[in-house]
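Asks: Quick one: this structure, given as structure tokens, is what I'll be asking you about.
Throughout, read-outs are computed from the coordinates displayed, never taken from laboratory work. What you are looking at is a predicted structure, and each value in this text was computed from that prediction instead of being measured. All Cβ positions, glycine included, derive from the backbone under ideal geometry; neighbour counts span all protein chains shown.
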């Protein structure tokens with residue numbers, strides 16, 4: 001079935017991203033204007049805008065199933081793309097779309113439900129021979145049962161929300177006294193975030209790498225993977241930087257993990273784009289974590305190394321087209337790195353820092369892709385996530401991608417909100433990061449020392465602050481000076497340039 005018009009049940013950069021591909025495919029798009037963001041950038045990319053600014057409901061429209069369905073029907077949209085977050089992994093919402101003869105651009109409600117419930121997903125993994133960390137057979141009812149299971153597994157363990165994701169309803173427990181304290185907290189957090197207090201327990205894998213595989217499947221049973229993404233740079237279980245491929249995998253391990261990712265997807269007759277996530281320990285043993293039944297924030301790095309537009313594939317698959325790719329057709333070329341530039345105060349533990357973007361300048365290089373949903377004058381509101389932009393850099397190999405990433409990050413200029421830019425500028429200069437010697441504990445362990453105990457780091461931080469100060473003043477006075485000459489500039493050369501003014 002040819003899709004004619006898509007309602008974008010989302011906002012920000014992912015809404016812009018979907019609209020750009022839809023326009024390329026000559027498909028009309030509908031965006032929803034909200035009272036929180038009446039002049040949002042994503043609205044300018046839509047062919048049609050549904051005005052919802054008079055809605056005074058406490059529930060955001062993007063979380064209101066009945067309202068979103070009604071908007072789709074009123075605007076004549078024959079398809080709906082949920083993006084990520086909000087209702088993207090809500091099986092009931094997907095089913096309501098189908099009940100109203102609206103094409104849901106995503107997987108089946110059954111696949112969303114089974115993969116969304118972590119205890120069901122674990123059982124499916126066991127049935128299909130997918131490696132798992134030791135854990136409870138089902139949900140844990142109370143602290144006493146939790147203590148019994150943890151004793152059997154052996155500490156440390158991790159409590160996880162059965163319906164959760166994104167680090168919510170998740171607690172690491174290292175002894176029985178912590179279990180008594182953490183178990184009710186995890187249940188309350190799961191209830192608040194997912195309206196489901198169910199939790200289960202797994203053995204906690206110390207200092208793993210977080211590796212995920214991109215899946216594509218059609219409605220006729222064809223399923224392939226598009227290689228892996230390295231997602232170990234994260235804080236509080238939230239990803240900050242992703243890259244593709246991962247330097248931790250050789251071809252044999254990549255093939256083995258990829259086959260397992262396809263196997264678990266096949267177990268639920270998966271179609272559309274999805275992501276299978278694994279933990280990889282220091283001995284190269286891998287363990288299934290979960291499957292995300294939607295497009296991921298970090299999907300651009302896969303697009304850059306495969307040349308495949310994942311949003312286009314989602315739309316074509318939803319319309320009933322066959323996947324015109326086989327596993328042997330997938331070739332990984334080069335390297336890509338994505339930095340999530342968020343309005344967050346790094347020095348305050350990455351706390352949200354909403355505000356108006358007064359000035360913003362992004363690099364314009366062939367090797368740089370910028371996905372954003374804001375522009376100068378946009379307001380980062382507390383109602384939604386704090387993302388400003390995704391900076392995606394490509395190179396022929398990891399070394400070149402990191403070098404280009406340094407250059408690109410130093411060219412980003414944002415005024416009006418605290419951002420994660422200083423963190424990324426320091427990260428890409430860290431020797432352990434450059435050597436690929438990092439795990440999910442990198443920020444808490446390695447980078448903490450890097451921040452505060454390195455004389456070079458203090459000098460670099462001062463250099464970056466000075467550089468940004470000079471650039472800001474030069475731009476405000478309409479003086480166009482290129483500091484970098486196409487190369488990364490040392491603090492000493494910068495100082496020489498500064499003295500010229």
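Asks: Of all the C-alpha pairs in segment 176-289, what % are more than 24 Å from each other?
Replies: Working: 2568 of 6441 pairs.
So the pairs more than 24 Å apart make up 40 percent of the total in segment 176-289.
Asks: Arrange the following residues from fewest to most other Cβ atoms within 10 Å of their Cβ: 204, 92. Don't skip to the answer; put the middle values down first.
Replies: Working: 204 20, 92 12.
Ordered from fewest to most neighbouring Cβ atoms within 10 Å, 204, 92 come out as 92, 204.
Asks: Using only Cα positions of segment 388-447, each an equal point scatterer, no hydration layer, compute I(q)/I(0) via Debye at q = 0.20, 0.23 Å⁻¹ and quote the log10 values to two decimals.
Replies: Log10 I(q)/I(0), no solvent term: -0.85, -1.05.
Asks: Here's something else I'd like to know. Which whole number in µm²/s is D for segment 257-380 by Stokes-Einstein, with the Kirkwood Rh taken over Cα pairs at 37 °C and 0.692 mPa s?
Replies: Details: Rh = 17.9 Å.
This corresponds to a translational diffusion coefficient of 184 µm²/s.
Asks: Can you compute the modelled spin-label distance between residue 49 and residue 284, with each label point 7 Å from Cα toward Cβ, in nm?
Replies: Inter-label distance under the simple model: 5.5 nm.
Asks: Let me ask another. Given the -39500 (n - 2.57) contribution per DSSP H run of 4+ residues, what per-residue ellipticity at 222 nm results for the chain, rounded to the nearest 500 deg cm²/dmol?
Replies: Numbers: 16 runs with 177 residues, N = 501.
One gets -10500 deg cm²/dmol as the mean residue ellipticity at 222 nm.
Asks: With each label point set 7 Å from Cα along the Cα-Cβ vector, what nm distance links residue 237 and residue 397?
Replies: Placing both labels 7 Å along Cα→Cβ, they lie 3.7 nm apart.
Asks: A further question on this structure: Tell me, 194, 433 in order of fewest to most beta-carbon neighbours within 10 Å?
Replies: Working: 194 17, 433 20.
Fewest-to-most ranking of 194, 433: 194, 433.
Asks: If I stretch the segment between residue 253 and residue 25 completely, what's the gain in nm (0.36 nm per residue apart, minus their alpha carbon distance), one decimal? Kindly include the intermediate steps, with their values, before the conclusion.
Replies: Numbers: separation 228, 0.36 × 228 = 82.08 nm, distance 3.65 nm.
Taking residue 253 through residue 25 to full extension adds about 78.4 nm, to one decimal.
Asks: Shape call for segment 296-369 from the C-alpha gyration tensor, a ≥ b ≥ c root eigenvalues: rounded (a/c under 1.5), prolate (a/b greater than b/c) or oblate?
Replies: Values: a/c = 2.58, a/b = 2.05, b/c = 1.26.
Taking the square roots of the gyration eigenvalues as a ≥ b ≥ c, segment 296-369 is prolate.
Asks: Rounded, prolate or oblate: which fits segment 134-203, taking a ≥ b ≥ c as square roots of the Cα gyration tensor eigenvalues, rounded meaning a/c under 1.5, else prolate when a/b beats b/c? Each step should come with its number before you reach the end.
Replies: Values: a/c = 1.73, a/b = 1.58, b/c = 1.09.
In terms of gyration-tensor shape, prolate.
Asks: Hey, another quick one. Looking at the calculated P(r) for the chain, what percent of the C-alpha pair distances fall above 33 Å?
Replies: Values: 50765 of 125250 pairs.
When every Cα pair of the chain is considered, 41 percent fall beyond 33 Å.
Asks: With a 10 Å Cβ neighbour count serving as the proxy for reagent exposure, in which order, fewest first, do 439, 403, 148, 29 appear?
Replies: Values: 439 20, 403 17, 148 12, 29 24.
Ranking 439, 403, 148, 29 by Cβ neighbours within 10 Å, fewest first, gives 148, 403, 439, 29.
Asks: How long are the three semi-axes of the equivalent ellipsoid for segment 319-407, computed from the Cα gyration tensor as the root of 5 times each eigenvalue, in whole Å, largest first? Provide the component values of the computation, followed by the final result.
Replies: Working: eigenvalues 189, 75, 35 Å².
Taking √(5λ) for each eigenvalue gives 31, 19, 13 Å, largest first.
Asks: Length gain on complete extension for the stretch residue 333 to residue 444, per 0.36 nm per residue less the alpha carbon to alpha carbon distance?
Replies: Numbers: separation 111, 0.36 × 111 = 39.96 nm, distance 3.21 nm.
Here the answer is 36.7 nm.
Asks: Could you list the residues of segment 193-210 with an amide nitrogen less than 11 Å from a label point located 7 Å from the Cα of residue 134 in the Cα-to-C-beta direction?
Replies: Residues 203-204 qualify, since their backbone N sits under 11 Å from the label point.
Asks: Between rounded, prolate and oblate, where does segment 1-113 land on the alpha carbon gyration tensor, with a ≥ b ≥ c its root eigenvalues, rounded for a/c under 1.5, else prolate if a/b exceeds b/c?
Replies: Details: a/c = 1.55, a/b = 1.12, b/c = 1.39.
Oblate, since a/c reaches 1.5 and b/c is not below a/b.
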